[in-house]
Each structure stands twice: as structure tokens, then as C-alpha cells.
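S.K.: One structure, pasted below without further comment.
The values are calculated or read from the model by the stated rules, or taken from the named source; none is laboratory data. Quick caveat, the model's predicted, so the values are computed rather than measured. Here the Cβ is made from the backbone with ideal geometry for all residues, glycine too, and neighbour counts use every protein chain on show. Surface accessibility is based on the protein's heavy atoms, side chains included, excluding ligands, DNA and RNA. Shrake-Rupley method; radii C 1.70, N 1.55, O 1.52, S 1.80 Å.
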Amino acid sequence: MLLSRYQYELLEAGCDEAGRGCLAGPVFAAAVILPDDFDHPLLNDSKQLSEDVRYELRIEIEQTALAYAVASVDNIEIDEINILNASFLAMHRALDKLHISPQFLIIDGNRFNKYQKLPHQCIVEGDAKYFSIAAASILAKTYRDDYMKQIASEHPEYDWHTNKGYPTIKHRKMVMEMGFTPYHRRTFRVSDPQLSIF
């Protein structure tokens, strides 16, 4: 069962990202501040949910959250600063956009670049432990999916409308045959054997 807060003394925002492992497109991140008494039977790590459920939950999150924001870092910036730093930057940009300033951050994962002077706690698999991180994972994922569907028509042969830029076998094969698009991350190894699991 997910928890509503990590601590109760300070106003808390949960942060998560989507798209770190993709070959193409930006990395998106979201920051969400939920009411203390927030509870939802379906809300969980976005990877555990169907696409339809994610979009239904997105509506509820946006209606219920005290504040939320979504931001991105594009493939060019990712290649310049690496995907880990780009993920942190996307979270910082989302936090910058919140209309309510949080006092404490909980971050999905085990690392984070400090945001301003705010205290934070990194939580491995936090999107399966805390509602605000789970909510952030859903917003980041659905907003990124919307973006990838939007640009898919520009390069239909790469199947972004279904793979969303992730390294499926067909996606990697098309990159090796046809080369990069302006949306591809050029520092990512397309033929990496580790990617065969996708």
C-alpha cells in the first residue's frame, strides 16, 4: 500500500521522470504536491498500469493535486549533459513551474542534484511507495507519450506511436538502416547487446 507522505512537518512534493532509457525524444519529469489525505486504490508506479488507466488517473491527479507541473529536456541537451543530469534538470524545471513552493522533496531513485536549498530524500522504487511520486510518474509518462505520438507522424518508420522512442528491436533496426532523426540521442548506443531485452 502506498503512503501519502514521507514526512509531515514540511510541504512535500514528489518527483519522477519518464524516458531515460529511450533512443529518441526528450526526458520528461513531473513534480506533484498532493493533499495530506490523498488516497487512490489504483494509483501506482506508471509502469504497472495500462495506458488507459494512466490517462484516467492523470485527469484525477490534475484535478486533485494542490500543485503539479511537467517539464522536459530535449535530446540535444541530453547529449550535451548526459541522461542522468538531464533527468535531474527536467525535475528542476518542473519544480520551477509549481505555483506552490514545496519545502521538502521526495525523489524516485537513488541520486539527485540538490534543488535550491530544499531538503530532499531519494527513494528507490519510490513510485511504488508514495502517492506523490506515483502521481509524478504518471504525469511524466503520459505527457511524454503525448509528445512522442505527436512527432511520430514526422518519422513513421521508427514506430514512435507504439514504442514511444524506446529501443525495441524494430526501432534499433530502423536506426541502423536509416540513421538518426533530429530527435534521436546520438550518444546512446543503438546496437548495445543489453538492449535486446526490449
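S.K.: If we keep just the residues of the stretch 1-23 that are under 18 Å from Met91 (Cα atoms) and in a loop (DSSP other than H, G, I, E, B), which is most open to solvent (accessible area, probe 1.4 Å)?
M.R.: For the stretch 1-23, the residue satisfying everything is Arg20.
S.K.: Ok, one more. Please verify whether Asn82 is more than 30 Å from Phe180 (Cα to Cα) and either modelled with pLDDT of 95 or more or out of contact with any Cys (no Cβ under 9 Å at 6 or more places or on another chain) (or both), treating the condition exactly as stated.
M.R.: Criteria not met by Asn82.
So that you can scan it fast, the table gives a plain yes or no per residue for (1) surrounded by 21 or more Cβ atoms within 10 Å (Cβ to Cβ); (2) in contact with a helix residue (DSSP H, G or I) (Cβ under 7 Å, 6 or more places away or on another chain); (3) free of Cβ contacts under 8 Å to residues at least 24 places away in the same chain:
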site: Gln103; (1), (2), (3): no, no, no
site: Phe112; (1), (2), (3): no, yes, no
site: Leu139; (1), (2), (3): yes, yes, no
site: Asp146; (1), (2), (3): no, no, yes
site: Pro167; (1), (2), (3): yes, yes, no
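S.K.: Still on this structure, please answer the following. Within the stretch 46-56, how many residues turn out to be under 15 Å from the mean Cα position of the chain (by Cα) and either surrounded by fewer than 14 Cβ atoms within 10 Å (Cβ to Cβ) or closer than 14 Å to Ala134 by Cβ (or both)?
M.R.: 6
S.K.: Scan the stretch 65-84 and give yes if some residue there is assigned to a loop (DSSP other than H, G, I, E, B) and crowded, with 19+ Cβ neighbours inside 10 Å, otherwise no.
M.R.: Yes, the stretch 65-84 contains a residue that is assigned to a loop (DSSP other than H, G, I, E, B) and crowded, with 19+ Cβ neighbours inside 10 Å.
S.K.: Go through (1) charged (D, E, K, R); (2) in contact (Cβ under 8 Å) with a residue 40 or more places away in the chain; (3) within 20 Å of Gly165 (Cβ to Cβ) for Glu62 and report which single condition fails.
M.R.: Result: Glu62 fails condition (3) only.
S.K.: Taking the stretch 64-77, which residues are polar (S, T, N, Q) and within 13 Å of Leu139 (Cβ to Cβ)?
M.R.: Thr64, Ser72
S.K.: How many residues are open to solvent by 10 Å² or more (accessible area, probe 1.4 Å) and in contact (Cβ under 8 Å) with a residue 60 or more places away in the chain if we restrict to the stretch 35-44?
M.R.: Here the count works out to 4.
S.K.: Continuing with this model, one more query. For Lys97, work out the one condition from (1) open to solvent by less than 60 Å² (accessible area, probe 1.4 Å); (2) closer than 13 Å to Ala29 by Cα it doesn't fulfil.
M.R.: Result: Lys97 fails condition (1) only.
S.K.: Determine, yes or no, whether Arg54 is in a loop (DSSP other than H, G, I, E, B), of a type in the set (Lys, Arg) and in contact (Cβ under 8 Å) with a residue 24 or more places away in the chain.
M.R.: no
S.K.: Still on this structure: Are there helices (runs of 4 or more DSSP H) fully within the stretch 111-198 with at least 3 residues that are modelled with pLDDT of 95 or more and of a type in the set (S, T, N, Q)? List them.
M.R.: Correct list: 131-152.
S.K.: May I pose another question? Within the bounds of the stretch 46-63, is there any residue that is closer than 17 Å to Tyr143 by Cβ, of a type in the set (Lys, Arg), in contact with a Phe, Trp or Tyr (Cβ under 9 Å, 6 or more places away or on another chain) and modelled with pLDDT of 95 or more?
M.R.: Yes, because at least one residue in the stretch 46-63 is closer than 17 Å to Tyr143 by Cβ, of a type in the set (Lys, Arg), in contact with a Phe, Trp or Tyr (Cβ under 9 Å, 6 or more places away or on another chain) and modelled with pLDDT of 95 or more.
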